[in-house]
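Remarks on the structure that follows.
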2 protein chains.
Amino acid sequence: MPNTGEIQAPRIAVDAMGGDFGPRIVVPAAVDAAREGISIVLVGDEQRVKAELDKLDTQGLDIEIVHASQVVEMDDKPADALRRKKDSSIQVACRLVKEGGAHGVVSAGNSGASVACGMFVLGRIPGVQRPALAGILPTEKNPVVLIDVGANVDSKPQHLLQFGLMADVLARHVLGVQDPSVGILSIGEEEGKGNAAVREAFDLLKRSQLRFIGNVEGRDIFTGEVDIVVCDGFVGNVALKLSEGLARSLSRILKDELKSSWLSMLGTLLSFGAFKRFKKIVDYAEYGGAPLLGLRDIVIVAHGKSNELAMTNCIRMAATSVRNNVHGHLAEGLAAHKDLAAKPDRNAA
Amino acid sequence: MPNTGEIQAPRIAVDAMGGDFGPRIVVPAAVDAAREGISIVLVGDEQRVKAELDKLDTQGLDIEIVHASQVVEMDDKPADALRRKKDSSIQVACRLVKEGGAHGVVSAGNSGASVACGMFVLGRIPGVQRPALAGILPTEKNPVVLIDVGANVDSKPQHLLQFGLMADVLARHVLGVQDPSVGILSIGEEEGKGNAAVREAFDLLKRSQLRFIGNVEGRDIFTGEVDIVVCDGFVGNVALKLSEGLARSLSRILKDELKSSWLSMLGTLLSFGAFKRFKKIVDYAEYGGAPLLGLRDIVIVAHGKSNELAMTNCIRMAATSVRNNVHGHLAEGLAAHKDLAAKPDRNAA
């Protein structure tokens, strides 16, 4: 169902089997989204999905089940999942969208498989060279979009330009940022710092219509001073997982120290939400889905550990993307920069 | 003074002008190190250094001052610092070592300039293709060596192999790790994940004498499960600065929340060391110097914000490196892998 304009009644295919918790979390999350007026197609093992639905009050909600007999496991290789599990919930969900049964897909399953199915089944928007995963991370202020967080490695400068263009659309039309600032991740603030691809992409971004602010460093990501940070998927994936790991390590250490000291009573307070902002950053993985930008339809890759709220948020994000015609804006943004992305002029300032 | 064996009385040239605090912090740190039997040469503005020394009891200590009329500022470009500030404290310190007046250099000044001066003035150990900066980061358990954290970008597979070999020597002979495990930073645990350089380096590392454990991900760095993590300097620098930034953001948020709630009394407790391990990770930048491995002599690049303890630790690390003949072991380790580093066999398993 290629999106050709604003759609007021978005219909989202939800991979009911995905994530560490499967239907037990995904089904109630989808029901919550349906209560907000989003049409839902739950894709997965019909019996298990129905069993979860039966526990909830779904009267008057627009929820359909589409059966899929297979499940992609977290350790399946994406290529194998594509070839050997043609009736997996994620692949059936993507086909459903392709064939017009829904406007977008949300899955907390094996992210490599979701990316592969999205790319293979749905295909790219004409003009997109490489679809990219946009991580949305909470910071000290507003969230930051880190793009790409793992769909590509060894990105070329023109790919990095397109990542910036696609994230600009996401920030404006889904996150509601007025005039998003765009930085490129490098290892020094001054122009000329970085590796070969970054230095060339710097030139392209500077000549684009984006509000490009130049190089940003690793330490700038979480301050909230920049709206979009562009990077290769290798670097972005390392950065994303490092952040997650470090935040969890620090959280674990903090709890240990509270428990082991005479301050142990504080450990209890911690769990009662005295540290909301701290927890929000530490647990960001549970709050955000990563939109896979550049495909013909919306695909949101949710974190495997997503809880119910995180899943509902991902479904909301998919619906907002459909309602606000993200795809139309993506195509426009890319078309406006066609020449720049096609032939980077290496001699330009 | 090329190091040709174990030296029992190491003499360290300390850039007295380096870092955000200059002689006020560096001089007392050097005096502390001298009290432990390390010979010190303080390089910098003689008057200012002497004024700081006069405040301290230095009787019986082996401390010399060597005058340098210039200072590299934090925003000087490394190439400019090299060409235009030939009498800067960092360049004079490097020349002193080159000419036999000391065994190693420690500087908290402009790190790009320290790397450039080290490379240009001291030169590489024969066989080293690219010197690399080894970041030493505290984790939940033992420290991890992250190499390279910024001396190189666009590293080739054989450079990554050499980074691993050099870090192995550092871990064994300076950090006292018995049989260090080595991982390569990638975006998935399975062999075959990563970008082109990482996939080839995986093969080389597998065929080396190192205890290679395969790919590690960003989230594994701070768990302390691996002793050495090899990566390109672009990725390593992003990772290092991201960690620093995130840890500081979380720390700031935690303090804010404590202050703004009825739990404000806890803010005070925080500062009394109830959270030692947490603070240790958050403040790691202040505890470690990054050795620049692969040069003919020891160079330790300290963090610009280094406090007195951090500087003393860096001087101790330089002295330990000299005493334990790190250079001899580096040359041996590299020689033993000469064929592997020279001609990566792309067809090998």
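Values for this structure:
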read-out	value
Charge dipole (debye, nearest 20) of the protein assembly as shown; +1 at Cβ of Lys and Arg, -1 at Cβ of Asp and Glu	280
Between the range B:167-182 and the range A:88-116, the Cα center-to-center distance that results, in Å	46
Highest-MSF residue in chain A out of A:319, A:51, A:108 [GNM, Cα springs under 10 Å]	A:51
Share of carbon and sulfur in the accessible heavy-atom surface of the range B:13-166 [1.4 Å probe, %]	47
5 angstrom amide H check on residue B:64, placed H, neighbours 5+ away	B:40, B:41, B:42
1.4 Å probe accessible area per residue over the protein assembly as shown, in Å²	40
Backbone HN-Hα couplings from phi across the range A:117-125 [Karplus 6.51/-1.76/1.60, Hz, Gly and Pro as x]	4, x, 5, 6, 7, 8, x, 8, 5
Signed unit charges on C-beta, dipole axis of chain B, positive-most listed residue B:300, B:216, B:233	B:233
Karplus-derived HN-Hα couplings along the range A:102-115 (A = 6.51, B = -1.76, C = 1.60, θ = phi - 60°), whole Hz, x at Gly and Pro	7, 9, x, 10, 10, 9, 9, x, 2, 5, x, 5, 5, 5
Cα convex hull of the range A:73-140, projected area averaged across orientations, nm²	6.1
Interface B:A - total buried accessible surface [probe 1.4 Å, Å², rounded to 100]	4700
Distance between modelled label sites at residue B:211 and residue A:59, nm, 7 Å Cα→Cβ extension	6.5
Share, in percent, of DSSP beta bridges within the protein assembly as shown that are antiparallel, nearest 5	25
Cα Rg over Rh - the range A:66-198, Kirkwood	1.02
Probe 1.4 Å - accessible area at residue B:124, Å² to nearest ten	120
Full-extension gain in nm, residue B:46 to residue B:80, via 0.36 nm per residue minus C-alpha separation	9.9 nm
Computed over chain B: relative contact order in percent, which uses C-alpha pairs under 8 Å that are six or more apart	24
For chain B, calculated [θ]222 nm from helices alone, where every DSSP H run of n ≥ 4 adds -39500 (n - 2.57)	-13000 deg cm²/dmol
Globularity ratio of the range A:1-141, using Cα Rg and 2.2 N^0.38 Å	1.06
Built amide H within the under 5 Å cut-off of residue A:212, gap 5+	A:182
Debye intensity ratio in log₁₀ form over the Cα atoms of chain A, taken at each q of 0.08 Å⁻¹	-0.39
Cross-link pairs beyond the 20 Å C-alpha cut-off, checked among A:98/A:241; A:193/B:241; A:241/B:156; B:206/B:338	A:98/A:241; A:241/B:156
Amide H partners (placed H, <5 Å) of residue B:144, local residues excluded	B:137, B:139
Listed residues B:11, B:84, B:24, most fluctuating in chain B (Gaussian network, C-alpha, under 10 Å)	B:84
Rounded to whole Hz, the Karplus (6.51, -1.76, 1.60) HN-Hα couplings of the range A:46-52, x for glycine and proline	4, 4, 5, 5, 5, 4, 6
Percentage, to the nearest whole number, of Cα pairs in the protein assembly as shown over 46 Å apart	24
Positive minus negative residues near residue B:230 (Lys, Arg vs Asp, Glu; Cβ under 12 Å)	-4
Binned Cα-Cα distance frequencies in the range B:171-220 - 10 Å width, integer %	26, 48, 24, 2
The range A:184-243 versus the range B:1-74: alpha-carbon centroid distance in Å	38
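The values are calculated or read from the model by the stated rules, or taken from the named source; none is laboratory data. Just so we're clear, the structure is a prediction, and the values are computed from it rather than from any experiment. All Cβ positions, even for glycine, are placed from backbone atoms using ideal geometry, and neighbour counts span all protein chains on display. Ligands, DNA and RNA are stripped out before the accessible areas are found, and what is left, the full protein with its side chains, is counted by its heavy atoms. Shrake-Rupley method; radii C 1.70, N 1.55, O 1.52, S 1.80 Å.
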